[in-house]
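**Q** Quick one: the structure is below, questions incoming.
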Amino acid sequence: MEKLIITCAITGAEVKKEHNSAVPYTIDEMVNEAFLAVQAGASILHLHARNDDGTPTQSASRYAQIIQAIQKVVPDVIIQVSTGGAVGMSRMERLDPLSLHPEMATLDCGTLNFGGDDIFINTENDIIYFAQVMQELGIHYELECFEKGHIDTVLRLVKKGLITQPNRFSFVLGVNGGMSGEARDFFFLKDSIPSNSTFSVAGIGKYEFSLAELSIQHGGHVRVGLEDNLYIEKGVLATSNAQLVEKVVQMAKHYGREIATPKEARRIYKLEEVK
Ligand code: KMH
Ligand code: ZN
């Protein structure tokens, strides 16, 4: 089995310090969380930008400050910027950080309810347009699929040549409005993608570690982080992103799966191929 790629989603757009005071907002806080998460074993950082008061922003200049500061302390890590941003942001706003030519970015592959009155909108034309922009800029994308229909959309767009190979899927499961993250969901999605694809899991809330464990055992990769889950165990808040990463590293050790360095992750995810 390939080594395990751990992505750390350090802050997100929705969770707040009121939920867990470890959620980073400022650039210094993000750098500290990023550094410790990478030290613990993360090879990819999934980034959202925030203003100092915690409000989410897709401003390229804010992303530039965050990325530069992070790269000073962990120069090799793979940076994956979010093009999901926060619910309600416009398409163009969401694309703003791509002007920085990050190594990776997310491509959200369908619309879904996002709890309460929120709808996370990703129409088919949005997906096609975002993919086209990333391809033109040479940015490697990860396919964020919140349910099976999103995978079907990807496979249809791949057939039409609108989404290019290699396909790196991320199963983001457990959003209120998306697919749950039970074992049966995991196997259904894993068995629905072509065998030459890679996949990672991002379990939201209570699904974070149960999905991580399944993915470690079945050749997938893992995303953890305070964006997705605030607890290290039931009822106990995590004290840092690094603590969540460390728990996955221990799990991987238990199953005899080694952890990929950023260099190894680039090879596994084929990030080094001519863009
Ligand atoms: N904040 C969510 C609405 C992504 O990063 O691409 C979308 C999200 C997905 O987090
Ligand atoms: Zn995100």
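**Q** Please go through region 16-52 and pick out each residue that is among the β-branched types (Val, Ile, Thr) and under 22 Å from Ser215 (Cβ atoms).
**A** Listed by number, the residues that qualify are Val38, Ile44.
**Q** Name the one entry in Val154, Val175 that is touching a residue at least 24 places away in the same chain (Cβ under 8 Å), within 16 Å of ligand 2 (Cβ to nearest atom) and either of a type in the set (A, V, I, L, M, F, W, C) or buried (at least 23 other Cβ atoms within 10 Å of the Cβ) (or both).
**A** Being touching a residue at least 24 places away in the same chain (Cβ under 8 Å), within 16 Å of ligand 2 (Cβ to nearest atom) and either of a type in the set (A, V, I, L, M, F, W, C) or buried (at least 23 other Cβ atoms within 10 Å of the Cβ) (or both) holds for just one of Val154, Val175, which is Val175.
**Q** Scan region 135-150 for residues that are within 16 Å of ligand 1 (Cβ to nearest atom), surrounded by fewer than 24 Cβ atoms within 10 Å (Cβ to Cβ) and not in a strand (DSSP E or B) and jot them down.
**A** Ile139, Glu147
**Q** Follow-up question, since we're still on this one. Is region 221-233 home to any residue that is within 21 Å of Leu45 (Cα to Cα), out of contact with any Phe, Trp or Tyr (no Cβ under 8 Å at 6 or more places or on another chain) and part of a helix (DSSP H, G or I)?
**A** No, region 221-233 has no match at all.
**Q** Quick check: anything in region 247-260 touching a residue at least 40 places away in the same chain (Cβ under 8 Å) and among the charged types (D, E, K, R)?
**A** yes
**Q** Can you tell me which residues in region 185-221 are among the small types (Gly, Ala, Ser) and either within 16 Å of Ala260 (Cα to Cα) or touching a Ser or Thr at 6+ places or on another chain (Cβ under 8 Å) (or both)?
**A** Correct list: Ser200, Ala202, Gly203, Ala212, Ser215, Gly219, Gly220.
**Q** Let me ask something additional. Only one of Val15, Val23, Val38, Val73 is in contact with a helix residue (DSSP H, G or I) (Cβ under 7 Å, 6 or more places away or on another chain) and either away from ligand 1 (no atom under 16 Å from the Cβ) or closer than 21 Å to Thr239 by Cβ (or both); which?
**A** Val73
**Q** Would you please name the residue that is surrounded by the fewest Cβ atoms within 10 Å (Cβ to Cβ), looking only at residues in region 83-102 that are in a loop (DSSP other than H, G, I, E, B) and within 15 Å of ligand 2 (Cβ to nearest atom)?
**A** Gly88
**Q** Separate question: Are any residues in region 193-209 of a type outside the set (D, E, K, R) and within 17 Å of Gly178 (Cα to Cα), and if so, which ones?
**A** Ser200, Val201, Ala202, Gly203, Ile204, Gly205, Tyr207
**Q** Given the condition without any contact (Cβ under 8 Å) to a residue 12 or more places away in the chain and surrounded by fewer than 19 Cβ atoms within 10 Å (Cβ to Cβ), answer yes or no: does some residue in region 202-220 qualify?
**A** There is no residue in region 202-220 that is without any contact (Cβ under 8 Å) to a residue 12 or more places away in the chain and surrounded by fewer than 19 Cβ atoms within 10 Å (Cβ to Cβ).
**Q** Another question, if that's okay. From the list Ser170, Ser210, Ser180, Ser215, exactly one residue is polar (S, T, N, Q) and in a strand (DSSP E or B). Which is it?
**A** After ruling out the rest, the residue left standing is Ser170.
FYI, it's all coordinate maths here, none of it is from the lab. None of the values given here were measured: they were computed from a predicted structure. Virtual Cβ from ideal backbone geometry, glycine too; neighbours counted across all protein chains shown.
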